[in-house]
Amino acid sequence: MTEKYETHEHDVLVIGAGGAGLRAAIAALGEGASVGVVCKSLLGKAHTVMAEGGIAAALGNVDAADSWKTHFRDTMTGGKFLNNWRMAQIHAQESSDRVKELEQWGALFDRTPDGDILQRAFGGHTYKRLCHVGDRTGLEMIRTLQDKGVQLGIDVYMECTVTRLFRSGGRIAGAFAYWRESGRFVVFKAKSIVIATGGIGKAWRITSNSWEYTGDGMALAYDAGAELIDMEFVQFHPTGMIWPPGVQGILVTEAVRGEGGTLTNEDGERFMKRYDPEKMELSTRDVVARAIYTEVKEGRGTEHGGAYLDISHKPAEYVIRKLPSMYHQFKDLADVDITKGPMEVGPTCHYMMGGIRVDAETGETTVPGLHAAGEAAAGLHGANRLGGNSLSDLLVFGRRAGLAAGAAAKKTSPAPIDSAEIDRAARDAVEPFERTSGEDPYAIHRDLEEKMQDLVGIFRVEKDLKQALTEIAQLKQRLARVKVTGSRIFNPGWHLAIDLQSMLTVTEAVTLSALAREESRGAHSRIDFPKTDAAWGKKNNVIAREGAAMKLSPSPVPEMPPDLKQLLEK
Ligand SMILES: Cc1cc2nc3c(=O)[nH]c(=O)nc-3n(C[C@H](O)[C@H](O)[C@H](O)COP(=O)(O)OP(=O)(O)OC[C@H]3O[C@@H](n4cnc5c(N)ncnc54)[C@H](O)[C@@H]3O)c2cc1C
């Protein structure tokens, strides 16, 4: 039935080859499933490879008092108790085993003098908990997972973008995609699908995220009937580069503060003492980002509108060994030697706490057979993610999603995909070529980034959020008239026109949820509702599709069992 298009068939299709996708693929293979992994860029180039500071796991190698219970408490406290408690529990209990497993598979971590995995301090973690490889932890993680996956026999489809999911009889049945190089279409048939496509940072102007973060997985799942949750919670990392303009937003890892870096304003004051005197620079990201933003707004910002971050009081050899990427990043991109003086930093859009609503045990969405893991999924981090808790999230929940998807696929027969739906997906994809006049996708993207930066940023207010919804609606109308020129052979304008569909769906969900939540909590700060509200503390915002409309409905935060509640009281 699909002879018209190149077709591949697998028990499990994993969309995304970052940490979550690769870990899911390895787990599904272990269940005896045939596994295909499809990714937009080259294998090994996902966001996971950019991760710097480390993987959070309560191994207790440096601080023996650490335990899963403290990790659970830190994660829930950091997430302002909106987290799915069961996910936080599983994550805290399983992340140590996942890190040890990674080591057995060949990952070479930095070591304590006794030869154990070395752990460093990070914001919001009570103990030194981040297992790391200098400031290149993600590279080691992806290299290890990639080697393991390829050795076990995953089939990889690189530089291939999925644009639609298909259902059959209510269950997931496959996906439609195009090869980025040739523009040719491809159909994947699968009994289970795992979405591991990451976040949405490219919808903001100042971001640490790369071109791949356009919210595709969230939009694909939403269009297929899955629910999204906690979409208002977008993390602005406090420290991105701010100068020169061409490098604005590139991440300055929290490991700089973890290794003892201090933040000062233009007056030389360590201003964190006014925002969190106890934890200072190791306060949670939401607090530090708001602090820097406020210092700048109130006229105490640095020359280029940020704060100074200084690690030069440490020996130069130590800085270069522990933070090699930061050393080279500042030397090469800003002509600053961080062993001799401070860096200038400011907040940058970094991570999406919200995403696809999943079952804690299996990562299954509300669509049977469709699973999600990693940054594309939501629940673990609540209103704010602690640094290091993403890489452990990928390992713990990537594995669980892969196990469940693999096991389910074995019990399921392949379902036919309606050929008319496949043709519709192909028609929709080529539509931008068929218009004789229309909008430039780059102009639409630029305007979206500006509006999200200005209206749905660190601080939010009703008037701006309402205006943002109007702007997004107008951008959708412009996208309906988008025009691209040239052929389908490697055409970045066409790729962007397709990505914009996802970005507009996801930013609408973010803005709608941000408008609904009339309180400030974690990464969501409302100028008009500056306090936390106990009633909102009991609600997650859930987004679902109803016909063509996006519907938001608050859903009660799952009730925690008494033994876990007790841990939080301590
Ligand atoms: C600079 C930086 C530093 C960070 N440092 C840390 C850290 O030290 N510790 C920590 O815990 N977290 C860190 N994070 C966060 C963490 O790296 C990410 O949250 C995490 O790697 C996301 O992993 P993932 O597997 O969900 O997605 P990714 O690793 O981003 O992978 C997404 C995959 O999906 C594919 N994809 C996307 N859309 C499509 C589509 N439509 N079709 C096909 N494929 C698609 C992409 O090509 C890619 O392969 C950092 C993030 C950044 C940006």
Query - Whole-angstrom gap from the stretch 299-336 to the stretch 465-510, using each part's C-alpha centre - result: 36 Å
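Do the sum for the chain: with -39,500 (n - 2.57) for every DSSP H run of n ≥ 4, divided by all residues, what is the mean residue ellipticity at 222 nm, to the nearest 500 deg cm²/dmol?
-11500 deg cm²/dmol
At a 1.4 Å probe, what is the % contribution of carbon and sulfur to the accessible area of the stretch 430-540?
On the way: 2610 of 4890 Å².
Using a 1.4 Å probe with all protein chains present, the stretch 430-540 comes out at 53 percent carbon and sulfur.
Which order do the peptides 512-522, 440-450 take when ranked by the mean count of other beta-carbon atoms within 10 Å per residue, highest first? Walk me through the numbers on the way to the answer.
Working: 512-522: 21.4, 440-450: 17.1.
Descending packing order for the listed peptides: 512-522, 440-450.
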Report summary line: Residue-normalised value, i.e. accessible area per residue, for the chain at 1.4 Å probe, in Å², stands at 37 Å²
Report task. Write down the Å³ per residue value for the convex hull defined by the alpha carbon atoms of the chain. Result -> 144 Å³
Report summary line: Here the net charge surrounding Glu519, from other residues whose Cβ is less than 12 Å away from its Cβ (Lys, Arg +1; Asp, Glu -1), is +4
Query raised in the report: For the pair Arg321 and Asp418, how long in nm is the line joining their label points, each one 7 Å along Cα→Cβ?
Result: 6.3 nm
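Of all accessible surface on the stretch 92-161 at a 1.4 Å probe, what whole percent is carbon and sulfur? Write down the numbers at each step before the final one.
Working: 1290 of 2900 Å².
Answer for the stretch 92-161: carbon and sulfur cover 45 percent of the accessible area.
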Report summary line: Restricting to Cα pairs under 8 Å and 6 or more apart, the percent relative contact order of the chain works out to 21 percent
Report task. Give the span of the stretch 429-520's Cα atoms along each principal axis, as three whole-Å numbers ordered largest to smallest. Result -> 48, 21, 18
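What fraction of the DSSP beta bridges in the chain is antiparallel, stated in percent and rounded to the nearest 5? Numbers along the way, then the final one.
Details: 45 of 70 bridges.
Around 65 percent of the beta bridges assigned by DSSP in the chain are antiparallel ones.
Taking the mean number of other Cβ atoms within 10 Å as a proxy for protection, how do you rank 14-24, 295-305 from highest to lowest?
Details: 14-24: 33.4, 295-305: 15.5.
Top of the packing list down: 14-24, 295-305.
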Query - Gain in span if fully extended, Asp528 to Ser487, counting 0.36 nm per residue against the direct Cα distance - result: 9.9 nm
Query raised in the report: So what J values fall out for the stretch 458-463 if you push phi through Karplus, 6.51 cos²θ - 1.76 cosθ + 1.60 with θ = phi - 60°, rounded to Hz, Gly and Pro as x?
Result: 5, 9, 10, 8, 3, 4
**Report entry** Two-decimal ratio, the stretch 1-80, of alpha-carbon radius of gyration to 2.2 N^0.38 Å
**Finding:** 1.60
Query - Cα centroid separation, the stretch 15-29 to the stretch 421-445 (Å) - result: 31 Å
Requested in this report: Divide the volume of the convex hull of the Cα atoms of the stretch 324-464 by its number of residues and quote the answer in cubic angstrom per residue.
Outcome: 231 Å³
Query raised in the report: So, in Å, what gap is there between the alpha-carbon centers of the stretch 529-570 and the stretch 40-91?
Result: 21 Å
Query - Shape box of the stretch 16-160 [Cα atoms, principal axes, largest first, Å] - result: 43, 38, 26
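How many percent of all Cα-Cα pairs in the stretch 106-200 sit more than 16 Å apart? Intermediate values should be presented prior to the final figure.
Details: 3198 of 4465 pairs.
Here the long-distance tail beyond 16 Å is 72 percent of all Cα pairs in the stretch 106-200.
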Query raised in the report: If you look at just the Cα atoms of the stretch 254-402, how large are its Rg and its Dmax in Å?
Result: 18.6, 57
**Report entry** Ranked by how many other beta carbons lie within 10 Å on average, peptides 259-268, 494-503 from highest
**Finding:** 494-503, 259-268
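The values are calculated or read from the model by the stated rules, or taken from the named source; none is laboratory data. These figures come from a predicted structure and were not determined experimentally. When we count neighbours, we look across all protein chains shown, and the Cβ atoms used for this are built from the backbone with ideal geometry, even at glycine. Please note that ligands, DNA and RNA were not included when accessible areas were found on the heavy atoms of the full protein model with its side chains. Shrake-Rupley method; radii C 1.70, N 1.55, O 1.52, S 1.80 Å.
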